[in-house]
1. What figure, in Å² to the nearest 10, do you get for the accessible area of H205 with a 1.4 Å probe and non-protein molecules left out?
2. Over 23 Å apart: what share of the alpha carbon pairs of segment 184-264 falls there, rounded to a whole percent?
3. Could you check the spin-label model distance between R302 and K186? Points 7 Å from the Cα along Cα→Cβ, value in nm.
4. Relative to the present Cα-Cα distance, how much length would full extension add between Q37 and T24 at 0.36 nm per residue of separation?
5. Given the Cα-Cα distance of D139 and V90 and 0.36 nm per residue of separation, how much length would full extension add, in nm?
6. Placing +1 on the Cβ of each Lys and Arg and -1 on the Cβ of each Asp and Glu in segment 203-271, which of L214, G248, L231 has its Cα farthest towards the positive end of the resulting dipole?
Amino acid sequence: MMAWWAAWWAALTAAALARAAALTPTETALWTWAESQGANVSRIVPTTGVYGRGLAAVDGSQGELLSLPRHLIMGCDAVARVALELPGVVAFTGCEDGVGRTSMRFAGGFEAWDGNTLVVFVAHHRLLGAASPWAPYLDSLPASFDTLPPYLLAVAAVGGSAEEAVRAMDAADAFEGGALRDVVQKEASKWLYFSRLVAAAFADHAGVEATRALRTVLWAKAVVATRAVHLSSLGRCLVPFWDLINHGAYAAKREVVDDERVAYVRDAPSDGGELVHDYQLSSSTGGACAWDWLITFGFVPRD
């Protein structure tokens with residue numbers, strides 16, 4: 001009988017080879033960065049799922065499949081540590097109430113709340129480029145969000161590329177004459193209003209070129225809207241790797257959040273191996289409809 005350690009080593013080696021074969025160069029940099037920071041990502045590998053690129057367990061098994069140290073999480077803890085160093089921010093409160101609620105006030109007199117404080121933080125680190133400790137993670141995120149109507153319309157209003165303008169026109173045409181056209185346009189207007197305020201603060205207090213700042217804030221807004229998850233006391237967070245997990249209703253998983261780490265634990269094996277997370281979108285009238293999902297996340301769940 002093979003010694004337990006030999007079987008364990010063989011399994012790890014097979015997992016590493018499978019992961020290396022599946023990773024793109026950007027993903028290789030992401031995995032390498034995470035492991036250098038103390039993350040355990042040896043049991044997961046990229047896959048192509050129902051909603052596109054996702055994550056799977058290398059052996060389809062259950063148990064703790066992903067573990068990240070708390071300092072890798074972009075959430076209220078991280079925001080609170082540096083909030084007053086962000087361009088134009090003069091006051092910050094929150095992250096003490098056990099639900100991740102936050103408030104950020106700017107020199108111009110406006111405020112950002114909860115998820116929008118995370119948007120400011122993400123935009124700031126995106127503008128830092130390679131100097132950001134999250135650079136490998138941010139580089140792995142989509143450069144644009146071509147199926148998210150508010151983002152497309154907002155970027156087009158800023159004056160994007162010809163391709164972006166065409167995608168925005170296609171999105172507008174899809175809603176033309178429909179009851180939801182005004183809803184989509186109003187949402188895009190709110191994105192623009194908030195993003196212009198933050199971009200002005202970046203321009204005034206950090207010398208960032210205005211259009212670059214505005215496009216970066218809109219990108220960060222889309223990142224947080226589509227990829228943040230709510231983790232118990234941490235509130236809305238960007239969790240590297242977890243944000244690659246596709247939607248799946250009634251996911252047989254649970255989260256572990258303590259002072260040291262965040263972990264994804266699956267309680268039952270999966271034949272397909274893909275990891276899923278139930279994003280549990282709801283509207284003011286109860287259950288969310290297909291349009292709510294499209295406007296919020298840029299996709300419509302099959303379930």
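The values are calculated or read from the model by the stated rules, or taken from the named source; none is laboratory data. If you're wondering where the values come from, they're calculated on a predicted model, not measured in any experiment. A quick note on method: Cβ atoms are made from the backbone with ideal geometry, for glycine too, and the neighbour counts reach across all protein chains shown. In case anyone asks, the SASA skips ligands and DNA or RNA and just uses the protein heavy atoms, side chains included. Shrake-Rupley method; radii C 1.70, N 1.55, O 1.52, S 1.80 Å.
1. 110 Å²
2. Numbers: 1347 of 3240 pairs.
Counting pairs separated by more than 23 Å, the tail of P(r) holds 42 percent.
3. 3.4 nm
4. Here the segment from Q37 to T24 would lengthen by 2.7 nm.
5. Full-extension gain reported as 14.8 nm.
6. Selected residue: L214.
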